[in-house]
Amino acid sequence: MGSRPVTVRMARWSAEHPWRAIALWVVFVAVCFVGGNAAGLNEATSGDQAIGEAGRASLIIDGGAFDDPAVENVLITPRGGALDPAAAKAAADDAAARLRTVTGVAEIGAPVTARDGSALLLPITMAGDPETASDRVQPLRDATAGVQSAHPQVRVEQVGGPSIGQALDDTLGKDFERAELLSLPVTLAILIIAFGALIAASVPVLLALSSVAAAMGLSTLASHLVPATDTTAPVILLIGMAVGVDYSLFYIRREREERAKGRSGLDAVEIAAETSGHAVVVSGVAVIIAMAGLFLAGDVVFSSLAVGSILVVAVAVTGSLTVLPALLARLGRWVDRPRVPLLWRLTAPRTGRHGEARTPRLWPTVLRPALRAPVATLVISVGLLLALAAPALGMKLKFPGMEDLPRTTPAMQAYDRLTAAFPSTGTNHVVAVRAPADQADRVGAALTDLAARASADPLFAPTEADGPKIKVSADRRVSVLDVATPYASRDDRSVQSLEKLRADLVPAELRGIPGIEYAVGGSVADSEDYAAHVRDKLPLVMGFVLVLTFLVMTLTFRSVVVAASSIVLNLLSAGAAYGLLVLVFQGDWAEGLLGFTSMGAIVSWLPLFLFVVLFGLSMDYHVFVVSRIREGVRAGMSNRDAVSYGITSSAGVVTSAAIVMVGVFSIFATLSTIDMKQLGIGLAAAILLDATIIRGVVLPALMTMLGDANWWAPRFLRRRPEPAPTDPPTPAPELVPVS
């Protein structure tokens, strides 16, 4: 027993002591979840997320400790036609009176009328830390709602950074809840179709949910080492549901298959642990390695995503090796109850005359071109994937801006009315300077000259009549100048103005001042610097993931060729997903279909994260399918018969797993924010391509073409021939290709 693989020993113990294993799992999940909630979440600050020169500018400004309180506005506009000045003034006076009594209001400014008389604006300065203003803005919004009720003849709205932040948090929270609620019935429905039995369909969902709950708690604890970001929780749900269901699916399918051959419950669990359990461990290690590559990005956003993903995958793998065998052993044949009559007849494992698992004739038909003409099939299928990947060469990366936030919330609708009534001059670049206090006057003069030179350039907006407004910190060490452009943040001319500031205007004016440090930031700089950061780090992360994945696959299958082919196939899958993202989101043809407004670019962080997720998840299918092919080779089949056996015997579980993943990922494409839509579409499309064209066409064509060369390895990697299985798989007659 001691010589058996650890997956088998763990499964055996769990199957022999099911109640202990189940109790230990419940306690583990509860401790993780409760402990995480007790510790509280440590969220990343703006300083944690500082990237590039724009990040340095933010840190310089933070070092100035400027009194920069949060500002809200009460916007009064007509419900139709022209604004009644008297009604607007009465509403503004009432708002001012009510808001003076609200805790958290530091100052109320004088009402400001729009140039065209279409609106009246009442500025409100909030007290306290601006970083927490969104958490404290609700009493102000309640007071404004009271003003609206008292003055129905005009539209009274509150708008500002805190209000928009609260609205965005509420939207993301509701999106997250909706994703949770939708993912459960969708996943359960797909699994019922896959298994034809309610209990068998419920077990993977329970394991996935418990893995997500435990990982949520662990990630909260881990946030005190690596701060968490807003995207951490949705990604844990996304990855956790996908891998948790997949791993259970692989295991349960194999256990049912072995029971259909006449194995006892314990023997069936052992064989499932030795085969599918081993594949789950290898897949989990591959996903964890891929996610660990995100740490090399040197970015708190990617680091938090890596922590969340690694934790949920590790928990899911642990659950599939411990509590899952216990559940299967305890349930026995009850796992196939209650049966859905028609679905059960279609999905129940059946064996042929030789004791082999029988599969529908669909997959042998799909495989026939790859087995009979592997070279032609490979050339055509790879050519199609490369054509789909080609648009990725024109990929543009940008941060989403205010214009990309969903307009379904009252706060964003009010923001649009505010910008229409009080149009700004465009986008501001922020020049941040730190220098010794005795150089403050010299810095001020240089910034004044800089503003004058910029205002004479058509790339920049003219300076206001009373001159540039330069903010100087109390200790006179930090100075800040806003340089406006007349263009929107996405306009190429805004980028050109940023480049001119950084390369020419700012160095020309500030260079030479003793002890000076300066940087140019702002929204355009944030977007451009982060895109450059991703482009710089992507090769490093890709190299790390490719090298370590190659080593894991080589050691797992003792074949350099299998490892290399897995890398190539996953790169094809990722490239096709990139191309599809560009086709869908950089144009506007799919806006109405998917409910988004094109930003003409892909969200900056997405390509790097998408690569590691796809590379990791694609290994689930690859390891499972190639393991089945290797079983056939070890049993003495010819290479071609082994390929046929491996693909067809794993077709059902791979198809079911892919449909579950595509279903879960597609739910994220229905969420409000553009980054979640792009993530959902990218993952769903890539998994669909991977499970169909890659695993069903390209992989069998490649392995058939390579023949016995698939299993080549240098001498030091070879080991003594493994004994053939005691019950070797036998290809069903319909699986043997006709030459």
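Each of the peptides 452-462, 158-168 was scored by the mean count of other Cβ atoms within 10 Å over its residues; in descending order, highest first, they stand as 158-168, 452-462.
Using alpha-carbon positions, what is the distance between the centroids of the range 196-223 and the range 598-617, in Å? Cα centres, the range 196-223 to the range 598-617: 25 Å.
Shown is the FRET efficiency for Gln138 and Trp334, computed with R0 = 60 Å from the Cβ-Cβ distance and rounded to the nearest 0.05: 0.75. Just to check, using Stokes-Einstein with a Kirkwood Rh over alpha carbon pairs, what's the diffusion coefficient of the range 508-551 at 37 °C and 0.692 mPa s in µm²/s? My calculation gives 241 µm²/s for D.
Taking amide H positions as modeled 1.01 Å from N, with prolines and chain starts lacking one, no residue 5 or more places away or on another chain lies under 5 Å from Ile470.
For the listed peptides 319-330, 27-38, a ranking on the average number of other beta carbons within 10 Å per residue, highest first, reads 319-330, 27-38. Picking from Val366, Gly284, Ala414, whose Cα lies most toward the positive end of the charge dipole for the chain (charges on Cβ: Lys, Arg +1; Asp, Glu -1)? Towards the positive end, the residue furthest out is Val366.
Plainly put, the range 440-491 has a radius of gyration that is 1.03 times its Kirkwood radius, both from alpha-carbon atoms, as the Rg/Rh ratio. Peptides 552-564, 499-511 ranked from most to least packed give 552-564, 499-511, packing being the mean of other C-beta atoms within 10 angstrom over each peptide's residues. To put it simply, the accessible area of the range 482-535 at a 1.4 Å probe is 44 percent carbon and sulfur.
Element breakdown for the range 148-213 at a 1.4 angstrom probe: carbon and sulfur atoms account for 71% of the accessible area. On full extension, the segment bounded by Ala23 and Thr670 gains 229.2 nm, given 0.36 nm per residue less the C-alpha separation. Between Val105 and Ala127, the built amide H atoms are under 5 Å apart, and every one of these is 5 or more places off in sequence or on another chain. Please work out, to two decimal places, the log10 of the ratio I(q)/I(0) at q = 0.11 Å⁻¹ from a Debye calculation in which every Cα of the chain carries one identical scatterer. Per q value, in the given order, log10 I(q)/I(0) is -1.16. What is the range 168-227 by shape, rounded, prolate or oblate, if you read a ≥ b ≥ c off the alpha carbon gyration tensor as root eigenvalues and call it rounded for a/c under 1.5, prolate for a/b larger than b/c, and oblate otherwise? Oblate shape, in that a/c is at least 1.5 and b/c is the bigger or equal ratio.
The lysines whose alpha-carbon is closer than 24 Å to the alpha-carbon of Lys174, local same-chain residues fewer than 8 away aside, are Lys677. When +1 charges are put on Lys and Arg Cβ atoms and -1 charges on Asp and Glu Cβ atoms, the dipole computed for the chain relative to its Cα centre reaches about 3880 debye. Surface composition of the range 280-332: carbon plus sulfur atoms contribute 77% of the solvent-accessible area (1.4 Å probe, protein chains only, all chains present). Probing with 1.4 Å while keeping every protein chain in the model, the per residue accessible area of the chain equals 42 Å². Scalar couplings 3J(HN,Hα) for the range 62-79, obtained by applying the Karplus form with A = 6.51, B = -1.76, C = 1.60 to θ = phi - 60°, are 4, x, x, 6, 5, 7, 10, x, 6, 10, 10, 9, 9, 9, 10, 9, x, 7 Hz; x denotes Gly and Pro. Pairs of Cα atoms nearer than 8 Å and 6+ residues apart set the relative contact order; for the chain it is 19 percent.
Here the Kirkwood formula, the inverse mean of 1/r across different C-alpha pairs, assigns the range 603-699 a hydrodynamic radius of 14.3 Å.
Sorting the Cα pairs of the range 550-672 by distance into bins of 10 Å, from 0 upward, gives 11, 33, 30, 17, 8, 1 percent per bin.
The values are calculated or read from the model by the stated rules, or taken from the named source; none is laboratory data. From a predicted model like this one, the values you see are computed outputs, not experimental measurements. For neighbour counting, all protein chains shown are included, and Cβ atoms are generated from backbone atoms with ideal geometry for every residue, glycine included. Heads up: the accessible areas ignore ligands, DNA and RNA and are worked out on the full protein's heavy atoms, side chains in. Shrake-Rupley method; radii C 1.70, N 1.55, O 1.52, S 1.80 Å.
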